[in-house]
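Okay, so here's the structure we're looking at.
No value in this document is a laboratory result; all are computed from the given coordinates. Note that the structure is predicted; figures quoted are calculated from it, not measured. Note that we place each Cβ from the backbone using ideal geometry, even for glycine, and neighbour counts take in every protein chain shown.
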2 protein chains.
Amino acid sequence: MAFYSSGVEYGIHSLMNMVDAKGNEREMNVREMAELQNVPYDYLAKIFTRLSRAGLVVSSEGKGGGFRLARASELITVLDVVHAIDGQKSMFECKEIRQRLALFEEAPPAWVCDGPCGVRSVMDSAQQRMEEELARHTILDLARKMHRKAPDTFAIEVKEWISNRRTQQTKSV
Amino acid sequence: MAFYSSGVEYGIHSLMNMVDAKGNEREMNVREMAELQNVPYDYLAKIFTRLSRAGLVVSSEGKGGGFRLARASELITVLDVVHAIDGQKSMFECKEIRQRLALFEEAPPAWVCDGPCGVRSVMDSAQQRMEEELARHTILDLARKMHRKAPDTFAIEVKEWISNRRTQQTKSV
DNA sequence: GCGATGTTACTCGGATACTAACTGTCCGAGTAAGCCAGG
DNA sequence: CCTGGCTTACTCGGACAGTTAGTATCCGAGTAACATCGC
């Protein structure tokens, strides 16, 4: 199984969609984002409550409410999002095999437990490298990279899709 | 859940036990290793067949058989072991959300699929950093680090435990 | 007009299936070493 | 002797159950904007 859940993927893409081609942010609600990206609504809603609890987005309740970024998109790193959604989970869960050696018979000597397990140290430093890399990229970076690939009309189309959806909704009432 | 299975942990520790304080290798069978480390035997057996298939260890079948390292312990990296046991799994499984944008209506334009997804790129480079770190540490490194912490008697005790176990086994027959 | 009331569209949070992967166990097959009996 | 069969202790591989985490869905509660209705 993948280490990072697909919830992370949904979350990052959603946050990217909250930034336009110029780096300006826009407030959106979960249903819009779910429909725009063809992603399960209920699931995405839960993801956004996590993003909210982590302080990456700010919610406004009630009709017409939604989410907006809590701070500038260049200050939200991929690592922030990952931590917000999946929590600070560890790539490797040390089971302290070193203490189980049959030699010791239920009483491992002190030197065994002195300092972290060697295997664990390696894994931890590897995870640290990984997270450093994730911290180097921000939501703005990703949004910019996407818009650079897209034609100029794209940003407009997205904006129109959103506004169309909103007017249609009020019309249908 | 952790990204790397506990099988990886069992595998690494087992390989470490196949190297003594001086860096010399010793052949061992699965039952010995399982008992020495208090780890489930059947499970560990499966792990060693994977290590064998990956060419990290060489098996000798039949009575008195067992496993020995296929190459010097300083040439076996933690990354090798991880790949052998867990396979080349990906930290992040891109679901190509970018193609699902409602704008496109079942036909994403060419520019969308051009090159890898931005999110995926970040994740892939992060994983690469992680694996680079894992590749920097070898079984010998780990074994040395452990023996450096342990008193000199430790290596002898391990060796005695193994030989005692072997003689007891032949006696009990 | 204007305030009270109701409706709508949101954010929250809990409860609950479904699925996939990991972990661990069981068992049978194949293989080689050593023992042992029969020639 | 020594040769063939038997036992033993291994490696292999498949099958399977239990547990856990991720994914997804459903529903009720709270909240705020807005419309509507009665005064």
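Looking at chain A as a GNM with Cα springs under 10 Å, which of A:Ile12, A:Ile47, A:Ile97 has the largest mean-square fluctuation?
Comparing A:Ile12, A:Ile47, A:Ile97 in the GNM, the peak value goes to A:Ile97.
Under unit Cβ charges (Lys, Arg +1; Asp, Glu -1), what dipole magnitude, rounded to 20 debye, does the range B:1-75 have relative to its Cα centre?
200 debye
Quickly rank B:119-131, A:154-166 as a protection proxy: mean count of other C-beta atoms within 10 Å, highest first.
The packing order, highest mean first, is B:119-131, A:154-166.
Take the Cα atoms of the protein assembly as shown, find their three principal axes, and give me the spread along each one in whole Å, biggest first.
89, 39, 32
If you put a point 7 Å past Cα along the Cβ direction, how far is that point for A:Leu75 from the same point in each other copy, in nm, smallest first?
Here the equivalent label points are 5.3 nm apart from this one.
Let me know the mean shielding of A:3-15 by other chains, meaning the per-residue number of their Cβ atoms within 10 Å of its Cβ.
Mean partner-chain Cβ count within 10 Å for A:3-15: 4.
Under 11 Å from the Cβ of A:Asp141, count the other residues' Cβ atoms, weight Lys and Arg +1, Asp and Glu -1, and hand me the total.
+3
Which one, B:Ala126, B:Thr167, B:Met146, projects farthest toward the positive side of the charge dipole computed for chain B from Cβ point charges (K/R +1, D/E -1)?
It is B:Thr167.
With r defined as the distance between the Cβ atoms of B:Glu27 and B:Glu157 and R0 fixed at 25 Å, what FRET efficiency is calculated, to the nearest 0.05?
The formula returns an efficiency of 0.85 here.
So what's the net charge close to A:Ala21: Lys and Arg +1, Asp and Glu -1, counting the other residues with Cβ under 13 Å from its Cβ?
Numbers: positive: A:Lys22, A:Arg26, A:Arg144, A:Lys145, A:Arg148, A:Lys149, A:Lys159; negative: A:Asp20, A:Glu25, A:Asp152, A:Glu157.
Net charge in that neighbourhood comes out at +3.
Taking neighbour Cβ counts within 10 Å as the exposure measure, how do B:Glu27, B:Glu9 sort from fewest upward?
B:Glu27, B:Glu9
Could you work out the mean count of beta carbons from other protein chains within 10 Å of each residue's beta carbon in B:87-93?
4
May I have the pair-distance distribution P(r) for chain B, computed from all Cα-Cα distances with 10 Å bins from 0 and rounded to whole percent?
Values per bin, smallest distances first: 9, 30, 27, 15, 10, 7, 3, 0.
At B:Arg53 and A:Lys149, where each label point lies 7 Å from the Cα along Cα→Cβ, what is the point-to-point distance in nanometres?
Placing both labels 7 Å along Cα→Cβ, they lie 3.4 nm apart.
Would you mind counting up the charge near B:Ala34? Only other residues with Cβ under 13 Å from its Cβ, with Lys and Arg at +1 and Asp and Glu at -1.
That works out to +1.
Viscosity 1.306 mPa s, temperature 10 °C: Stokes-Einstein D of the range A:22-123 from its Kirkwood Cα radius, in µm² per second?
92 µm²/s
Rounded to the nearest 500 deg cm²/dmol, what is the calculated helix-only ellipticity per residue at 222 nm for chain A, with -39500 (n - 2.57) per DSSP H run of length n ≥ 4?
-17000 deg cm²/dmol
Give the residue from B:Cys94, A:His83, A:Gly64 lying farthest towards the positive end of the charge dipole for the protein assembly as shown; charges sit on Cβ (+1 for Lys and Arg, -1 for Asp and Glu) and the dipole is referred to the Cα centre.
Highest projection toward the positive end goes to A:Gly64.
Which of the lysines could a cross-linker span from B:Lys145 if the Cα-Cα distance has to be under 29 Å and same-chain partners fewer than 8 positions apart are dropped?
A:Lys89, A:Lys95, B:Lys22, B:Lys46, B:Lys89, B:Lys159
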